[in-house]
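The values are calculated or read from the model by the stated rules, or taken from the named source; none is laboratory data. Bear in mind the structure is a predicted one, so any value in this text is a computation, not a measurement. Heads up, the Cβs are rebuilt from the backbone with ideal geometry, glycines too, and the neighbour counts pull from every protein chain shown. We work out accessible area using only protein heavy atoms, side chains counted, and drop any ligands, DNA or RNA first. Shrake-Rupley method; radii C 1.70, N 1.55, O 1.52, S 1.80 Å.
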Amino acid sequence: QVQLVESGGGLVQAGGSLRLSCAASGSIFTIRTMAWYRQAPGKQRELVAAITTVGSTNYADSVKGRFTISRGNARNTVYLQMNSMKPEDTAVYYCNANRSNLNYWGQGTQVTVSS
């Protein structure tokens, strides 16, 4: 099993930056991809960014050039650096891990961007 815990959410002013962290534990060595999703009230959960075991990344068009996903050297952490933040980035952000074609989710961390 995989357990994921997010941290780093909070309130930030538009144009500011925030860094999210996700700590993974359990069967982490079989994880193929890790990703960040977000869900705003009344909206579908959407993929923000993903990273594979070889370091390739994928971003939603809305965050390209502003957000950066990365994995720690210990392979049990994933980060989301968010720059030039906009009010539309406001959402609950969830860490996701894919292992053996199964998805695991963190509890979510609230990110609020004020204008």
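Condition check ((1) polar (S, T, N, Q); (2) within 20 Å of LEU102 (Cβ to Cβ); (3) touching a helix residue (DSSP H, G or I) at 6+ places or on another chain (Cβ under 6 Å)) across all residues:
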{"position": "LEU18", "(1), (2), (3)": "no, no, no"}
{"position": "ILE28", "(1), (2), (3)": "no, yes, no"}
{"position": "ARG38", "(1), (2), (3)": "no, no, no"}
{"position": "THR57", "(1), (2), (3)": "yes, no, no"}
{"position": "ALA60", "(1), (2), (3)": "no, no, no"}
{"position": "LYS64", "(1), (2), (3)": "no, no, no"}
- Does any residue of the range 21-39 turn out to be hydroxyl-bearing (Ser, Thr, Tyr) and closer than 21 Å to GLN110 by Cβ? yes
- Message: If a residue must be part of a loop (DSSP other than H, G, I, E, B), within 12 Å of THR33 (Cβ to Cβ) and either open to solvent by less than 10 Å² (accessible area, probe 1.4 Å) or of a type in the set (Lys, Arg) (or both), how many such residues does the range 75-111 contain?
- Response: 0
- Query: Any chance the range 24-36 includes a residue that's aliphatic (A, V, I, L, M) and under 19 Å from VAL113 (Cβ atoms)?
  - Reply: no
